Amino acid sequence: MKLFLKVWRQNDSESDGGFQDYTIDDVSSDSSFLEMLDQLNEELLVEGSEPIVFDHDCREGICGTCSLTINGYPHGKNQSTTTCQLHMREFEDGESITIEPFRADSFPIVRDLMVDRSAFDKIIQAGGYVSVRTGSAPDGNSLPVQKEVADIAMDAAACIGCGACVASCKNASAMLFTSAKLAHLNSLPQGQPEKDKRTIGMVEKMDTLGFGSCRNYGECSAACPKDIPLDFIAKMNRDYAKAKIKKAFTK
């Protein structure tokens, strides 16, 4: 395959960036999108040019680091697919592809296609700790957790924190990410003692970090490679309101 790439290049968050055009030949349709970028970088190194910087790690759709916007879609237009799971067979020979980083003020550009998503870590840290003694890993089915509750927690835990929800939202909202993390922690028995404190802490940290509010368009869930549902946002809003009311009456 021969492809025409328009790639965003930027030295750091303070510098001006712009698109640069590249042409790449002999791309296997069986290679992944990141392997295609590896091939381009090898060619750039041979030429003595600076390779393109981009985030990657597991390349198995688990870690959430491959934060690329491809032709205007976070992770590309395929549903339930991370960038590293996207294969070049999805593109046509001779196609032009625009590649840029996730766009959000709370995700400053580190360089080229790499962004700093440490704001997500700060939201998680604002949730505090679990005070319940959990001990070592228990045997399967030994904890009294209803299947319905376990299923909800498992669905929420599927969030890999990639940031596609933020990049797809016109308000750069992190509510889908935050609500998924809260649903995971708050659903299980071990998370109940700190549920209210955790919910208030994470929601308010999300706001102070500059993420926008929810527009209820559903773009975040549509872009999510793990199909996190919007129901978690409604649950988070309800839990936050209840926690604030209880806090006001217990002062």
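The values are calculated or read from the model by the stated rules, or taken from the named source; none is laboratory data. Everything numeric here is computed off the predicted structure, so don't read it as measured data. Quick reminder, even Gly has a Cβ in these numbers, built from the backbone with ideal geometry, and neighbours come from all protein chains shown. Heavy atoms of the whole protein, side chains included, go into the accessibility calculation; ligands, DNA and RNA do not. Shrake-Rupley method; radii C 1.70, N 1.55, O 1.52, S 1.80 Å.
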How many of the residues making up the range 8-49 are small (Gly, Ala, Ser) and free of Cβ contacts under 8 Å to residues at least 60 places away in the same chain? 6
Tally up the residues in the range 178-211 that are under 19 Å from ASP155 (Cβ atoms) and open to solvent by less than 10 Å² (accessible area, probe 1.4 Å), please. 10
Of all residues in the range 151-169, count the ones that are in contact (Cβ under 8 Å) with a residue 40 or more places away in the chain and assigned to a helix (DSSP H, G or I). 7
For residues that are among the hydroxyl-bearing types (Ser, Thr, Tyr) and part of a strand (DSSP E or B), scanning just the range 1-29, find the one that is farthest from ASP116 (Cα to Cα). THR23
Taking the range 212-251 as the search range and keeping residues that are hydroxyl-bearing (Ser, Thr, Tyr) and part of a helix (DSSP H, G or I), which one is most open to solvent (accessible area, probe 1.4 Å)? TYR240
Being in contact (Cβ under 8 Å) with a residue 60 or more places away in the chain, under 30 Å from ILE200 (Cα atoms), outside any helix (DSSP H, G or I) and aliphatic (A, V, I, L, M), is that true of even one residue in the range 130-137? yes
Lone unmet requirement of (1) part of a strand (DSSP E or B); (2) open to solvent by less than 40 Å² (accessible area, probe 1.4 Å) for LEU40: (1)
Please determine whether any residue of the range 54-75 is aromatic (Phe, Trp, Tyr), open to solvent by less than 60 Å² (accessible area, probe 1.4 Å) and farther than 27 Å from ASP155 by Cα. yes
Any residue in the range 83-101 that is without any contact (Cβ under 8 Å) to a residue 24 or more places away in the chain sitting within a Cβ distance under 7 Å of a residue that is surrounded by 14 or more Cβ atoms within 10 Å (Cβ to Cβ) and not in a strand (DSSP E or B)? List the pairs, counting only those 6 or more apart or interchain. GLU90/ASN78
For the range 99-113, check the following and say yes or no: at least one residue is charged (D, E, K, R) and open to solvent by less than 10 Å² (accessible area, probe 1.4 Å). yes
Condition set surrounded by fewer than 17 Cβ atoms within 10 Å (Cβ to Cβ) and within 24 Å of the chain's Cα centre (by Cα), scope the range 10-34, selection farthest from ARG59 (Cα to Cα): answer is GLU14
Residue by residue through the range 105-129, note down the ones that are part of a loop (DSSP other than H, G, I, E, B) and within 12 Å of the chain's Cα centre (by Cα). PHE107, ASP116, ARG117
